[in-house]
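Chemist: Submitted below is the structure of interest, expressed as structure tokens.
The values are calculated or read from the model by the stated rules, or taken from the named source; none is laboratory data. Predicted model, so just to flag it, every value in this text is computed and none were measured. Don't worry about glycine lacking a Cβ; one is built from the backbone with ideal geometry, like all the others, and counts go over all protein chains shown. Surface accessibility is based on the protein's heavy atoms, side chains included, excluding ligands, DNA and RNA. Shrake-Rupley method; radii C 1.70, N 1.55, O 1.52, S 1.80 Å.
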Amino acid sequence: MGQAVGVASFSARLRKWAHRVRGGLRRSGVDYFRGDGSDWIALAALMLTVPAIALGTVLTPVWCAPSMLVLPIVAGGLLLRPASLLGLYAAAATALIIESVVLGPYTQGPARVTPGTVLTVAACGFFGLVIAQFRARVGVPWRRGGTMLFDLRERIRVQSALPALPKGWHSEMSLRPAGGQSFSGDFVVAARTGDGGRTLEVVLTDVSGKGMDAGSRALLLSGAFGGLLGSLPPHDFLPAANGYLLRQDWDEGFATSIHLVLDLETGEYELLSAGHLPALQLHAGSGRWEEKSGEGPLLGVYDGAEFDPAKGVLAPGDVLMLFTDGLVEAPGRDLSEGVDRLTGEADRYVAAGFEGAAWHLIEAVAKDVNDDRALLLLCRG
């Protein structure tokens, strides 16, 4: 009876120990792939592949060439920390020495350790160490780096989404980063403010620089501008944004911005500009485009800047177009020519309506331009 109890107790302890080991391994694996844990699991696995490759090279050097040692070295550059990587390199160097001794001099036959093999493995090890040191300095493991960039891109996209408008209004926005990249120095923030969301506020901003170079600053500013929008009276927004930009003390700290404040019931609006290109309004009655622009300096240039609004009214059938300089500016071409080309292409949509026109207008006038491009259309039905 006592023996049976002892066996049952030992079995229970064994199951408990196995459960703890399994839980510890699972937690270590989760932490590792999140970039928070030790890299001992990856190091152990890669250290085991080195003698396996060396054994395969000694037995069948034609099928398992000595240069195959670059495989764990490349994987180590992506997975391991620099200190662990040096241990893996020491194991790979030892394997190369053993292979060279066992297989004999490279002058006595093929599939042996040659100087070229040593140089190839050493070069891969050098680049792997550079990558590992850069990753350690940034603090973002390769497993999470792509996820983080994807998350940042999606946050910019969500922040640039336009709010739903009441019946009789249509809005759309298209954003095209320079060089086909995922990040842009142009961004939009928008919100419905006032009593019952009667007022639509939209801010289109063009940060100095383009593409990835301006993407991080654009993300920071879009978050800050989104917090300011609707929290301040409309006329206080650009002064507050200017002060925020000045406090950042960036080397390339300026930006252009245009702020639209639109009454969705009456169609009356104000445009406040910080060094931005004028907006364009299509008057349905005459079929002609009119430039509308406020007065104000660039954001981030000097403190105490003042911004004077331009006023207008969107009547039924009118269209208001906000855009950045990437659509109309080009080397060797006057700005007015770019504006004329944009309005000429936009005239094609007057009869059929502007739904889906933003993307097509960028394609028509600035498809291959190496600059960020943003276009916002607001139509009153």
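Chemist: What are the pairs with Cβ atoms under 9 angstrom where one residue, in region 77-98, is in contact (Cβ under 8 Å) with a residue 24 or more places away in the chain and open to solvent by 70 Å² or more (accessible area, probe 1.4 Å) and the other, located anywhere, is small (Gly, Ala, Ser) and not in a helix (DSSP H, G or I)? Sequence gap at least six, or different chains.
Modeler: Filtered contacts from region 77-98: Arg81/Ser38.
Chemist: Which pairs have Cβ atoms under 7 Å, sit 6 or more apart or on different chains, and link a residue in region 123-152 that is modelled with pLDDT of 80 or more to one that is outside any helix (DSSP H, G or I) and open to solvent by less than 70 Å² (accessible area, probe 1.4 Å)?
Modeler: These pairs meet every condition: Ala132/Leu80.
Chemist: Would you be able to say whether some residue in region 293-315 is open to solvent by less than 40 Å² (accessible area, probe 1.4 Å) and of a type in the set (Val, Ile, Thr)?
Modeler: no
Chemist: Another question, if that's okay. Every residue in region 225-245 that is surrounded by fewer than 19 Cβ atoms within 10 Å (Cβ to Cβ), at pLDDT 90 or above, of a type outside the set (Asp, Glu) and part of a helix (DSSP H, G or I), please.
Modeler: The answer is Leu228, Pro234, His235, Ala240, Gly243, Tyr244.
Chemist: Name the pairs: first residue in region 344-363 and on the phi > 0 side of the Ramachandran plot, second residue open to solvent by less than 90 Å² (accessible area, probe 1.4 Å), Cβ to Cβ under 9 Å, at least 6 apart or on different chains?
Modeler: Gly353/His170; Gly353/Cys379; Gly353/Gly381; Gly356/Glu172; Gly356/Tyr349
Chemist: With respect to the numbered conditions (1) in a helix (DSSP H, G or I); (2) among the small types (Gly, Ala, Ser); (3) in contact with a helix residue (DSSP H, G or I) (Cβ under 8 Å, 6 or more places away or on another chain); (4) at pLDDT below 90, which one is the sole condition not fulfilled by Ala83?
Modeler: Checking Ala83 against (1) in a helix (DSSP H, G or I); (2) among the small types (Gly, Ala, Ser); (3) in contact with a helix residue (DSSP H, G or I) (Cβ under 8 Å, 6 or more places away or on another chain); (4) at pLDDT below 90, the one that fails is (3).
Chemist: Of the residues in region 158-178, how many are in contact with an Asp or Glu (Cβ under 8 Å, 6 or more places away or on another chain) and not basic (Lys, Arg)?
Modeler: So in region 158-178, the residues in contact with an Asp or Glu (Cβ under 8 Å, 6 or more places away or on another chain) come out as 162, 170, 172, 175-178.
Those left that are additionally not basic (Lys, Arg): 162, 170, 172, 175, 177-178.
Final tally of qualifying residues: 6.
Chemist: Now, a different point. Could you list, in sequence order, the residues of region 21-60 that are at pLDDT 70 or above, over 16 Å from Val74 (Cα atoms), loosely packed, with under 12 Cβ neighbours inside 10 Å and of a type outside the set (Val, Ile, Thr)?
Modeler: Of everything in region 21-60, just one residue is at pLDDT 70 or above, over 16 Å from Val74 (Cα atoms), loosely packed, with under 12 Cβ neighbours inside 10 Å and of a type outside the set (Val, Ile, Thr), namely Leu59.
Chemist: Collect the residues in region 324-337 that are out of contact with any helix residue (DSSP H, G or I) (no Cβ under 7 Å at 6 or more places or on another chain) and outside any loop (DSSP other than H, G, I, E, B), keeping them in residue-number order.
Modeler: So the first thing to find is which residues in region 324-337 are out of contact with any helix residue (DSSP H, G or I) (no Cβ under 7 Å at 6 or more places or on another chain), and the list is 324-325, 331-337.
Scanning region 324-337 gives Asp325, Arg333, Leu335, Ser336, Glu337.
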